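One structure below.
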Amino acid sequence: MTYMRLSVLLALTVLWGGLENTYAQDAAPDASRITASETPTLIAPGVVSTAMGEFNPALDLRRNELYFMRRTPGQFDYTLYVSRFEGARWSEPEVVSFSGQYRDDAPYLSPDGQQLFFDSRRPADGFDGTSISLWRVVRDSLGWSEPEFLRGPSVSAPETDKDGEDEFGPAVDATGTLHFYSFRRPFRGGARYIAQPEAYEEVELERTLPDPSAQTFVSYLYLSPDGRTAIMDGLASGRRDSDLYFSCRGASGTWSAPRPLPVVNTNASEGGGWLTADGSLLLFGSSRNATRDSGNLYMVSTSSLPVPCSTE
């Protein structure tokens, strides 16, 4: 399971402040119904969390919509689902309108909730669908648009061999910058990359965020809307399983060394962390109480966690 000039900095400061106010307003009052204890709790056993295996949650507090990937153990048929918190309970998950035919994974909502990015093995113009590439859908009055192929980050260099052509785990920050993970050359052990909006045509190596994966698997990434908190998959100490790590960005713009999240990690695999927009809840996938190749979704209050990172 496992990526300025002064005028730009000023613009980002205003944008982050506006986003914080917007999220505080959007999260009340309906989203206050979604609560969690200080101990990780399985999300809706038998409804959301099942024997099928679920990973990579993304929760939209404005609409009380939970997006996630579900699979059939032993098969490579990842599909994206959505469940809604209504009447104090989670609804029966539904396959999202654009998924169900191809291998789809790693849903990631933009900070305003109007776009959803994901990785997928599906055909596109000039691509035969044998590699995993990046896609997005846009929300309109009728729901989600048809998937748009993000060609820029999905095109590998000519010298890249077949095993390095995949792109995984899209994440979008408040500036619209797209982060993703790839095993393309010369970093065959894996590295983060970024591409700028709107076209995402130009791709460059991400050099600031830490990567605790030790180049052994995809390090899925979550970035908070205010740009201060990063949660990522990393290699567990002394084991080959994954744990959740966090890093904080200081006033200088430098990210701290990644540290394992307390309370959350176990001797099983944890990954795919997601903070709600108000910072009150952490969702993640874990194989505790499941087989190594399967997992379920968990939620925990952040009241006793070091995330989101302090603004001081």
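Looking at segment 201-288, which trypsin sites (Lys or Arg not before Pro) are in a loop (DSSP not H, G, I, E or B) and have at most 14 other Cβ atoms within 10 Å?
On the way: sites: R207, R228, R239, R240, R249, R288; in loops: R207, R228, R239, R240, R288.
Sites meeting the loop and neighbour criteria: R207, R239, R240.
Can you pull the percent of segment 189-312's accessible area that's carbon plus sulfur, 1.4 Å probe, other chains left in place? It would help to have the intermediate numbers written out before the result.
On the way: 2400 of 5110 Å².
Result for segment 189-312: 47 percent of the exposed heavy-atom area is carbon or sulfur.
What nm distance separates the two modelled labels at S303 and R240, each placed 7 Å from Cα along Cα→Cβ?
Once both label points are built, they end up 4.0 nm from each other.
What is the extension gain from R151 to E201, computed as 0.36 nm multiplied by their sequence separation minus the C-alpha to C-alpha distance, in nm to one decimal? Present the calculation step by step, with values, prior to reporting the outcome.
Working: separation 50, 0.36 × 50 = 18.00 nm, distance 0.71 nm.
Extra length from R151 to E201 when fully extended: 17.3 nm.
So if I take the centroid of the Cα atoms in segment 163-209 and the same for segment 210-227, what is the distance between those two points in Å?
Using only Cα atoms to place each centre, the spacing works out to 11 Å.
So if I restrict to the alpha-carbon atoms in segment 32-106, what is the Rg, and what is Dmax, the biggest pairwise distance, in Å?
12.6, 38
Find the accessible area per residue for segment 81-216; the probe is 1.4 Å, ligands and nucleic acids are left out, and the unit is Å².
Details: 6170 Å² over 136 residues.
Heavy-atom SASA per residue in segment 81-216 reads 45 Å².
The values are calculated or read from the model by the stated rules, or taken from the named source; none is laboratory data. Everything numeric in this text was worked out from a predicted model, so none of it was measured. Methodologically, a virtual Cβ is constructed for each residue, glycine included, from the backbone with ideal geometry; neighbour enumeration extends over all protein chains shown. To get the accessible areas, we keep the full protein, side chains included, count just its heavy atoms, and leave off ligands, DNA and RNA. Shrake-Rupley method; radii C 1.70, N 1.55, O 1.52, S 1.80 Å.
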